[in-house]
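Encoded as structure tokens, the structure appears first; notes follow it.
The values are calculated or read from the model by the stated rules, or taken from the named source; none is laboratory data. Predicted model only: the values in this text are computed from it and were never measured. Neighbour counts are summed over all protein chains in view; Cβ atoms, including those assigned to glycine, are modelled from backbone coordinates with ideal geometry.
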Amino acid sequence: MAILDHTPAAPTTTVPAPAPDRARERHSALRETAQAELHAFEALGRTRVRSWQLDRLREQVAYARRESPFYRRRFAAGGLPDGTDGDELLRRLPFTTKDDLRDGYPFGLIAAPLTSLVRYGESTGTTGSPTSSAITYQDWVRGNVSTELSVGQRFGPGDTVFVAIPYELSFAAYDLDRALETVGATVVGVGILSAVCPIERTARMIATLRPAGIVCSPTRALRLFDLLTEMGHDPAELGVRTVLYVGETCSPAKLAKISRMWQAELISAYGTTETNSLALSCGHGRAHLTEDRHLFEILDPATGTPLADGTTGELVLSTLVAQAMPLLRYRTGDLVSVDPEPCPCGSVRRTVRHHGRASDRLVVDGRPIDRLDLEESVLSVPGTGLYYAAGVRDGLLHIRVECPDRPARQVCAEIADGIRARFRTDATVTEVDRATVGRAMDRMLKPGNLTLEDLEAAR
């Protein structure tokens, strides 16, 4: 298929065009091909998607076996028969894990010549040794086209959009940056945790430039709101229509509060360092899986057995058209649920909700508690603010929460009662002031992962 074709295109003239012209022609050709393939996929109809994906999976497995040293060794050891096909092929593929990526750092899983790579990235390493990722120009353009289609539902010429997520090491900021530029928006690439543009400067620029949108994490949107308010501005009057949130999960209670504060719509994009985008929002604000580029499974994290749509489980993916770094049955470690009902937008791609990482679950009395469920239970109590942190110490759940609108003693007691009823465990709940939270978040790359230790360090 086109994405895996190493054959150079036939020249259209005997006189080579200048290098910039050749580059533009190549980009245009790849872009047109990617757009045509995406439109063809959307025209399949849901009943034909599975067979289409399994055909591409067979091609991707053959490509990985041939070009990837990692998978060549793995298949030789596992003895996958050449004739294995369809769902049986998927079932018999061994899992690829984060440890495999760490062990293969930096180029152990690359299947394309290093000279063909146009982007290289790494994870932050905040939860262990870093993992690496790379893409070819074809991979990159194909992802760009999907992102352009998504952001074009919200932004266009005349819109200014701040991109306040890390530009360092990852692909997401550059992907969104390029997509916004392509649809005609004015991009302000402020990043985060920058000495050149600290968050206070970002807030001042938002007040001055009055953007139509902000790309950031939900917690960063809260922090920007606080800073703007402290500066004497009403963020709801600055013209922000859309907050495109990435980088962390968010409960419905927290999303509703952010939306009311900013008077803006919140939409999500979801991806990983290893894969770039995995789900992008449509005009109805629902995140659609990139099923034209990946085959997704939802599995029980403990047993690896498939789960039905609507059930929360671990997202496992197989790339279908990756050139630089094919991944087969890659265990993302992320908990998601897939909506069993089709989206009103009419896309053939299913919609997904990200619930966080399996490793982020808190274990109390031997029972796991999803952080997103806990956040919903805490922040849905009247009188709570926007911030909280939780952890387990000496076997007991501890929660610190902001209580700006009602007496803290009452709010904390109601939170403890709700947790006891919902999770069948006791919790110690105390108040935290917003200034302490702000100091902690301003030092964090991922402020949505606020912990008790972060709060203590910021006192």
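Tell me, yes or no, whether segment 355-375 has at least one residue that is more than 29 Å from the chain's Cα centre (by Cα) and either within 30 Å of Glu291 (Cβ to Cβ) or acidic (Asp, Glu) (or both). For segment 355-375, residues more than 29 Å from the chain's Cα centre (by Cα) and either within 30 Å of Glu291 (Cβ to Cβ) or acidic (Asp, Glu) (or both): present. Within segment 403-451, the set of residues being part of a helix (DSSP H, G or I), surrounded by fewer than 17 Cβ atoms within 10 Å (Cβ to Cβ) and modelled with pLDDT under 95 comprises Arg434, Ala435, Arg439.
Examine segment 192-209 for a residue that is touching a residue at least 12 places away in the same chain (Cβ under 8 Å), of a type in the set (Lys, Arg), farther than 26 Å from Asp139 by Cα and touching an Asp or Glu at 6+ places or on another chain (Cβ under 8 Å), and state whether such a residue exists. No, that holds for no residue.
Restricting attention to segment 152-178 and to residues that are under 14 Å from the mean Cα position of the chain (by Cα) and touching a residue at least 60 places away in the same chain (Cβ under 8 Å), the residue that is surrounded by the most Cβ atoms within 10 Å (Cβ to Cβ) turns out to be Leu176. As a summary of the residue check, Leu372 satisfies the conditions (1) outside the structural domain of Arg102 (by TED's automatic domain parsing); (2) under 13 Å from Gly313 (Cα atoms) except for the one numbered (2). Restricting the first member to segment 127-143 and to residues that are closer than 16 Å to Arg26 by Cα, and the second to residues that are among the β-branched types (Val, Ile, Thr) and at pLDDT below 95, the beta-carbon pairs closer than 7 Å and six or more apart or on different chains are Gln138/Ile3; Arg142/Ile3.
Which one is surrounded by the most Cβ atoms within 10 Å (Cβ to Cβ) among residues in segment 237-280 that are of a type outside the set (A, V, I, L, M, F, W, C) and more than 19 Å from the chain's Cα centre (by Cα)? I'd like the intermediate steps shown before the answer.
First, the residues of segment 237-280 that are of a type outside the set (A, V, I, L, M, F, W, C): 237, 239, 241-242, 245, 247-249, 251-252, 254, 257, 259-260, 263, 265, 268, 270-277.
Remaining after also requiring more than 19 Å from the chain's Cα centre (by Cα): 237, 239, 241, 257, 259-260, 263.
On the way: Glu237: 9, Gly239: 16, Arg241: 15, Lys257: 19, Ser259: 14, Arg260: 10, Gln263: 14.
The residue in question is Lys257.
Here is the figure for segment 158-182: residues that are among the aromatic types (Phe, Trp, Tyr) and either outside the structural domain of Leu280 (by TED's automatic domain parsing) or in a helix (DSSP H, G or I) (or both) total 1.
Among the candidates Arg204, Arg220, single out the residue that is within 24 Å of Asp373 (Cβ to Cβ) and assigned to a helix (DSSP H, G or I).
On the way: Arg204 fails: within 24 Å of Asp373 (Cβ to Cβ).
Matching residue, one of Arg204, Arg220: Arg220.
Residues checked against (1) of a type in the set (S, T, N, Q); (2) in contact with a strand residue (DSSP E or B) (Cβ under 8 Å, 6 or more places away or on another chain); (3) within 24 Å of Ala221 (Cβ to Cβ):
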site: Val411; (1), (2), (3): no, yes, yes
site: Val429; (1), (2), (3): no, yes, no
site: Thr436; (1), (2), (3): yes, no, yes
site: Ala440; (1), (2), (3): no, no, yes
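One residue stands out among those in segment 58-93 that are outside any helix (DSSP H, G or I) and closer than 21 Å to Arg293 by Cβ: the one that is modelled with the lowest pLDDT, which is Asp85. Applying the condition of being more than 20 Å from Leu38 (Cα to Cα) and in contact with a Gly (Cβ under 7 Å, 6 or more places away or on another chain) to segment 179-192 and asking which residue is surrounded by the fewest Cβ atoms within 10 Å (Cβ to Cβ) yields Gly184.
Any residue in segment 223-245 that's under 16 Å from Arg434 (Cα atoms): show its pairings with residues that are crowded, with 20+ Cβ neighbours inside 10 Å at Cβ separation under 6 Å, as long as the two are six or more apart or on different chains. Final answer for the pair search is Arg223/Met441; Leu224/Ala203; Phe225/Pro235; Leu227/Ala203; Leu228/Ala203; Leu228/Pro235.
Being part of a strand (DSSP E or B) and not hydrophobic (A, V, I, L, M, F, W, C) is the filter; apply it to segment 380-398 and report the residue that is surrounded by the most Cβ atoms within 10 Å (Cβ to Cβ).
At the first step, the residues of segment 380-398 found to be part of a strand (DSSP E or B) are 388-393, 396-398.
Pick out the ones that are also not hydrophobic (A, V, I, L, M, F, W, C) and you get 388, 391, 393, 398.
Details: Tyr388: 22, Gly391: 15, Arg393: 9, His398: 15.
Step by step, filter segment 380-398, then rank; the result is Tyr388.
The number of residues in segment 127-151 that are among the acidic types (Asp, Glu) and either crowded, with 23+ Cβ neighbours inside 10 Å or in contact with a Cys (Cβ under 8 Å, 6 or more places away or on another chain) (or both) comes to 1. Of all residues in segment 312-332, one or more are more than 30 Å from Ala408 (Cβ to Cβ), under 20 Å from the mean Cα position of the chain (by Cα), in a loop (DSSP other than H, G, I, E, B) and at pLDDT below 95.
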